[in-house]
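See structure below.
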Amino acid sequence: MSSTAMQSLRPLVDRLRRGWRASPLPVFFGWWAGELRGMLPPHWHGWFGGGADWHLLQYAGTQWTLRRAGYSAVLARWDDSDEASATDAGVGQAAMKAVLQKVDRDDLRLALLLPPAAVLRRALVLPVAARDNLQQVMAFEMDRQTPFSMAQVYYAARELRGPAIAGRFNAELVVVTRGMLDPVLAYLHTLGVSIDAVDLAVDNERLGVNLLPSEQTPRHVRPRPPQKKAASGCTIARRRWRRCRPRLTTCAARRSRSRRCVSNCRTTPVPPGSWSSARKAP
């Protein structure tokens with residue numbers, strides 16, 4: 001399909017995507033899939049996950065905590081304040097890296113969660129025509145809705161659910177200053193940590209936006225779907241079986257020969273006096 005045709009279909013695709021996200025179907029199917037997944041044995045859960053494996057690195061002042069998305073357990077924690085021990089901070093950072101290294105590189109995604117006080121949020125009521133260019137509309141509204149200019153901030157926009165006036169819809173503008181976010185990203189860069197999204201922490205989970213500019217977003221291959229994960233596991237098992245099969249065949253043949261030898265010894269009669277003559281032989 002030509003690029004011109006794709007451009008003409010883009011508004012339709014965007015409207016369908018927004019309609020899907022605004023409907024209750026994603027929540028229902030997410031709940032349903034979670035219930036089905038809970039019926040499986042625990043060691044099968046990794047094979048039937050959702051592809052990308054998101055981990056959440058929450059930042060609040062000088063406190064850092066790492067969790068897996070959807071789980072409350074803290075996987076790593078450290079404090080980078082001047083009063084905190086450098087050894088304790090190093091241990092926490094090493095624990096974070098050890099956790100992330102255990103995740104498949106193609107599936108790993110890491111989101112930085114900012115505290116609510118670091119982010120400015122503005123709820124707006126916009127004409128329905130603004131849906132197709134929501135990001136651009138929010139850029140024009142920046143000077144009116146915030147005390148900052150476009151050059152001073154990173155921002156994201158999202159459509160809000162709920163009733164609205166006819167011909168209009170509810171939206172939200174989320175803003176963080178570059179002066180706040182850039183030093184945090186630079187600090188993580190010195191630790192060798194790559195961030196895939198910057199979001200707002202809401203009860204240890206994500207709000208659902210991405211404040212990370214596109215030029216700083218890492219490029220990933222698409223995460224492997226569960227079917228390909230299972231297929232790759234079967235391929236590895238098949239390869240191991242092919243390597244081990246000759247050894248197992250050899251061992252089985254040796255065991256069979258040993259059994260035949262023992263059986264022959266048990267069934268073959270021993271001539272009288274053979275044991276005594278064997279003992280007397282020099």
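Any read-out appearing in this document is the output of simple, stated calculations on the displayed coordinates, not a laboratory observation. Source: prediction; values computed, not measured. Please note: Cβ atoms are built from the backbone with ideal geometry, for glycine as well, and neighbour counts cover all protein chains shown.
Computed extension length for Arg144-Asp203: 18.3 nm, one decimal, from 0.36 nm per residue of separation with the Cα-Cα distance subtracted. Between Asn170 and Asp104, the contour length at 0.36 nm per residue exceeds the alpha carbon distance by 19.9 nm. Each residue, Trp20 and Thr217, gets one label point 7 Å from its Cα in the Cβ direction; the gap between the two is 1.7 nm. Computed from the C-beta positions of Asp182 and Glu159, the FRET efficiency with R₀ = 35 Å rounds to 0.80.
Taking other C-beta atoms within 10 angstrom as a stand-in for reagent exposure, Met39, Met138 fall in the order Met39, Met138, fewest first. This ranking places Thr62, Thr146 by how few other beta-carbon atoms lie within 10 Å of each, fewest first, which gives Thr62, Thr146. Each of Gly192, Leu120, Thr65 was placed along the dipole of the stretch 40-220 (beta-carbon charges, centred on the mean Cα), and the one lying farthest toward the positive end is Leu120.
Between Ala129 and Ala60, residue separation times 0.36 nm minus the direct Cα-Cα distance comes to 21.1 nm. Placing unit charges on the Cβ atoms only, positive for Lys and Arg and negative for Asp and Glu, gives the stretch 40-220 a dipole magnitude near 460 debye about its Cα centre.
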